[in-house]
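Working notes, structure below.
The values are calculated or read from the model by the stated rules, or taken from the named source; none is laboratory data. Because the structure is predicted, anything quoted here is derived from the model rather than measured. With ideal geometry, Cβ positions are generated from the backbone for all residues, glycine too; neighbour counts draw on all protein chains shown.
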Amino acid sequence: MLFRQWAVKAAAGTGENMNMTDHVEQLPGVLPWTAIQVMSHGHEDGFPKDQDRISWFQDSRIACVCDGVSTSPYAAEAAAEVAKNAHYLFDNNHGLGPVQVIAKLSAHLRSCREAAHNKPLSVAVNVPEQMQAIILEQARKKLRYSYQTTIVAAQLNVDDQALLHVNLFQCGDSQLLVFAHDGRLLFPTPSTSSDSLVTEVEIAEFGRVLQFRQRSSVTDVLPDAPLNRIQSEPDLSFENAHSVLLASDGLLDAFVGPHELFAWLMKHRVQLKDPLERQTVMQDLHDCLIDRRGDDDISFVWVTVPGTQS
């Protein structure tokens, strides 16, 4: 199957699911792209959630964040499968456009769901027989919604005029943010919304309001979102861009607004590269998230535009 071929190539190629790592590449005559990647597990009822997955493909400058749905069985597996194959959304060499790629990814997740649903289930022998039937039925109902994940993926390029170009693909409430040097939010903005009611005040409220195109309380997820609900922006362009952030909602919900988030990133950019120091930094952020709305996985890929590292 083509999908399995992708998986083999991704495992052997440039893309990786990384945990809190930093990449720096220097090519002759080309300023480096730097990407700090963080996956920090939240906890629920004393157990780690661990349902987010991220990837950064250095050679093609493609970043991806997938947030597995908490209530969905095998959500982490879905997030991992999508994250490691995200580069195919931007690769035309296989003869498929992004819509066909996401359709194929979704079909694969649905086949995994069907296999999980058809797998024999068992209950502890000391459970009464009548209760066993109820438990098994509830488990099978839950499996109908297994293998669910959000995705935000982007390919980044800078032209000879120092203009940043972003090819964006998004489904769900994981987000892409573009920051200027002074921390201003260049994307998303009210002008990128199809809803004229979105205002600068709502940007200040941050959090879920950043999902301008998705005003519903229901989050779109793969593999169940209709293709016309999946957002694709083939060429967003920005002047004076400092950095691009792809993030799960766990990171966004820990802050009041984009200026606070950008200030936190800049303040801790050195610590986030150090395995020991970032543990303390991320634990403090989890404590903040717990106070605001409850703990969650916090995952992001923060890419600094070439020439702006200082």
Looking only at region 244-260, and only at residues there that are aliphatic (A, V, I, L, M) and modelled with pLDDT under 95, the one that is nearest to residue 164 (Cα to Cα): 252
Six or more apart or on different chains, Cβ under 6 Å: which pairs go from a residue in region 77-96 that's within 30 Å of residue 143 (Cα to Cα) and at pLDDT 95 or above to one that's surrounded by fewer than 24 Cβ atoms within 10 Å (Cβ to Cβ) and of a type in the set (D, E, K, R)? Could you list them? none
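Quick check: anything in region 270-293 part of a loop (DSSP other than H, G, I, E, B) and either in contact with a strand residue (DSSP E or B) (Cβ under 8 Å, 6 or more places away or on another chain) or at pLDDT below 85 (or both)? Spell out the reasoning first.
Looking only at region 270-293, we keep the residues that are part of a loop (DSSP other than H, G, I, E, B), and these are 270, 274, 293.
After this cut, where a residue has to be either in contact with a strand residue (DSSP E or B) (Cβ under 8 Å, 6 or more places away or on another chain) or at pLDDT below 85 (or both) as well, the list is none.
No; the residues of region 270-293 include none that is part of a loop (DSSP other than H, G, I, E, B) and either in contact with a strand residue (DSSP E or B) (Cβ under 8 Å, 6 or more places away or on another chain) or at pLDDT below 85 (or both).
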Can residue 203 be described as part of a helix (DSSP H, G or I) and either surrounded by fewer than 16 Cβ atoms within 10 Å (Cβ to Cβ) or at pLDDT 95 or above (or both)? no
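In region 103-139, which residues are of a type in the set (Lys, Arg) and surrounded by 13 or more Cβ atoms within 10 Å (Cβ to Cβ)?
Filtering region 103-139 down to residues of a type in the set (Lys, Arg) leaves 104, 110, 113, 119.
Within region 103-139, 104, 110, 113 meet the criteria.
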Which residues, counting only those in region 221-243, are closer than 11 Å to residue 152 by Cβ and modelled with pLDDT of 95 or more? none
Scan region 50-90 residue by residue and report those that are assigned to a loop (DSSP other than H, G, I, E, B) and either among the hydrophobic types (A, V, I, L, M, F, W, C) or surrounded by fewer than 18 Cβ atoms within 10 Å (Cβ to Cβ) (or both). 50, 58, 59, 60, 69, 70, 71
The condition from (1) hydroxyl-bearing (Ser, Thr, Tyr); (2) crowded, with 19+ Cβ neighbours inside 10 Å; (3) in contact with a helix residue (DSSP H, G or I) (Cβ under 8 Å, 6 or more places away or on another chain) that residue 248 misses is numbered (3)
Residue by residue through region 263-310, note down the ones that are under 30 Å from residue 162 (Cα atoms), surrounded by fewer than 16 Cβ atoms within 10 Å (Cβ to Cβ) and of a type in the set (Gly, Ala, Ser). 263, 307, 310
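Considering only residues that are assigned to a loop (DSSP other than H, G, I, E, B), touching a residue at least 40 places away in the same chain (Cβ under 8 Å) and over 30 Å from residue 119 (Cα atoms), which ones fall in region 142-166?
Going residue by residue through region 142-166, those that are assigned to a loop (DSSP other than H, G, I, E, B) are 144-148, 150, 159-163.
Next, from what is left, pick out any that are touching a residue at least 40 places away in the same chain (Cβ under 8 Å): 145-148, 150, 162-163.
Within region 142-166, 162, 163 meet the criteria.
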